[in-house]
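Values quoted throughout were computed directly from the atomic coordinates according to the rules given, and no laboratory measurement underlies them. These numbers were taken from a predicted model, which means no experiment stands behind them. Counting neighbours? That spans all protein chains shown, and the Cβs are built from the backbone with ideal geometry, glycine included.
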Amino acid sequence: MTRARDALQHQGHYAGPVSRLLAYAADTFFIGVLYTAGIALLKFAIDAATPWTLNVEGALFAVGALAWSALYWGSSWVGFGRSPGMSLLGLRIVRADGSTLDRRHALIRLLAYPLGFLTLGAGFLGIIFGRTRQAIYDRIADTAVVYDWDAEAAKLRELATRGGQRRHLATPASAAASERDATADA
């Protein structure tokens, strides 16, 4: 089966636990890198422009990281219906009935998101064992995560790749035949 057909076949299906975990890991990496870089730039700017120093440690660092995480996920879910990590893995958040995620349900999902962790991980069991692969926050917000690969783009990429391979797959026999035809015409 081709990649384009695979993409079409899985598009709209509930995303599995591994895909969702990898998207979460990518998002966590992005959050950490962006937050750390932002704190370093802020610290540098304050140190360079003022006589004060910025000391972000302990509880202040944790509260800032949580606020940054909420901003990261909230803005990407409200604005695009997916986070950057979800985009990398071809995932999208939709309403449980399959309609497009709206602002209200994205914000409910964001507010309920910590429940997956506060239940000591039990809130995530629905992703592994549930038929609809919904975590506790998905059930509360009436959302689901589905595969959303761009099947048309995958089809065009495959056609372009196959066309390029045909040009480069000339066998010695076909090359000799082309050479004979060229010398016969001359």
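Could you go through the range 80-94 in sequence order and give the Karplus-derived ³J(HN,Hα) for each residue, using 6.51 cos²θ - 1.76 cosθ + 1.60 with θ = phi - 60°, rounded to whole Hz, and x for Gly and Pro?
10, x, 6, 9, x, x, 5, 4, 4, 9, x, 10, 8, 8, 10
Taking amide H positions as placed in the peptide plane 1.01 Å from N, state which residues far from residue 101 in sequence (5 or more) or on other chains have amide H under 5 Å from it.
Residues meeting the criterion, in which the H sits 1.01 Å from N, are 95.
Label points 7 Å out from Cα along the Cβ direction at residue 39 and residue 57: separation in nm?
1.2
FRET efficiency for residue 48 and residue 125, Cβ-Cβ distance as r, R0 = 35 Å, nearest 0.05?
0.10
Which length gain, in nm to one decimal place, applies between residue 107 and residue 30 when the Cα-Cα distance is subtracted from 0.36 nm times their residue separation?
Taking residue 107 through residue 30 to full extension adds about 25.7 nm, to one decimal.
What number, in nm² with one decimal, is the all-direction average of the projected area of the convex hull of the alpha-carbon atoms of the range 3-149?
Directional mean of the projected Cα hull area for the range 3-149 stands at 10.3 nm².
Would you mind counting up the charge near residue 112? Only other residues with Cβ under 9 Å from its Cβ, with Lys and Arg at +1 and Asp and Glu at -1. Provide the component values of the computation, followed by the final result.
On the way: positive: 109, 139; negative: 138.
After counting each charged neighbour, the total is +1.
HN-Hα J couplings of the range 144-149 from phi, Karplus 6.51/-1.76/1.60, θ = phi - 60°, integer Hz, Gly and Pro as x?
8, 10, 10, 6, 9, 6
If I take every Cα pair under 8 Å that is 6 or more residues apart in the range 3-149, average their sequence separation and divide by the length, what percent do I get for the relative contact order?
32
Would you mind counting up the charge near residue 75? Only other residues with Cβ under 12 Å from its Cβ, with Lys and Arg at +1 and Asp and Glu at -1.
Residues close to residue 75 contribute a combined charge of +2.
Enumerate the calculated ³J(HN,Hα) couplings along the range 131-140 in order (Karplus 6.51 cos²θ - 1.76 cosθ + 1.60, θ = phi - 60°), each rounded to whole Hz, writing x wherever the residue is Gly or Pro.
Each residue's phi maps through the Karplus curve to give 5, 9, 6, 9, 7, 4, 6, 5, 5, 5 Hz.
Pull out the extension gain between residue 142 and residue 80, defined as 0.36 nm times the separation in residues minus the alpha carbon to alpha carbon distance; nm, one decimal.
20.6 nm
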